[in-house]
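One structure below.
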Amino acid sequence: AVRYMSGEECLQLHVPPQKKISGVKTLIAKHLSVSELFQNLVSGVAVLQDNSSIVATLRADEDSIEITMVLSLDRAHQNLASGWKSLHALKSLSKFGKGGPDTIAAVVASL
């Protein structure tokens with residue numbers, strides 16, 4: 001389950017344990033219209049890294065995890081500063097307010 005910072009569940013995903021966190025972010029982007037660029041995913045106290053897999057975050061006694069989605073502009077800001085990724089960042093930022101009610105609810109819930 002993916003939750004907002006408020007604790008409210010926003011999405012239930014069923015993915016294979018080998019799925020990379022970057023792939024989970026892609027699914028969240030598809031379902032909630034929140035670009036991967038703005039997503040930070042957390043499980044417990046651990047920030048989930050894009051290149052790790054779901055199975056790497058599971059404890060031995062778990063078969064599923066709870067993920068909290070934290071929305072952040074940090075990576076967009078870094079991309080704008082880096083130059084070569086700035087076009088992607090600008091495109092993502094331009095879509096940020098156009099995601100509709102689900103995107104607005106995600107932003108409000110994360111405040």
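The values are calculated or read from the model by the stated rules, or taken from the named source; none is laboratory data. None of the values given here were measured: they were computed from a predicted structure. Virtual Cβ from ideal backbone geometry, glycine too; neighbours counted across all protein chains shown. Ligands, DNA and RNA are excluded from the accessible area calculation, which covers all protein heavy atoms including side chains. Shrake-Rupley method; radii C 1.70, N 1.55, O 1.52, S 1.80 Å.
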task: Return the residue satisfying two criteria in turn: it lies in the stretch 37-56 and is modelled with pLDDT of 90 or more and not in a strand (DSSP E or B), and of such residues it is surrounded by the fewest Cβ atoms within 10 Å (Cβ to Cβ).
output: 51
message: Name the residue that is modelled with the lowest pLDDT, counting only residues in the stretch 27-36 that are in a helix (DSSP H, G or I) and surrounded by 15 or more Cβ atoms within 10 Å (Cβ to Cβ).
response: 32
- request: Could you list all residues from the stretch 1-21 that are within 18 Å of residue 72 (Cα to Cα) and surrounded by 17 or more Cβ atoms within 10 Å (Cβ to Cβ)?
  value: 2, 4, 10, 21
message: Residue under question is residue 15, and the condition is that it be over 15 Å from residue 71 (Cα atoms), in a helix (DSSP H, G or I) and β-branched (Val, Ile, Thr); does it hold?
response: no
- line: Scanning the stretch 65-81 for residues that are among the polar types (S, T, N, Q) and at pLDDT below 75, the one most open to solvent (accessible area, probe 1.4 Å) turns out to be 78
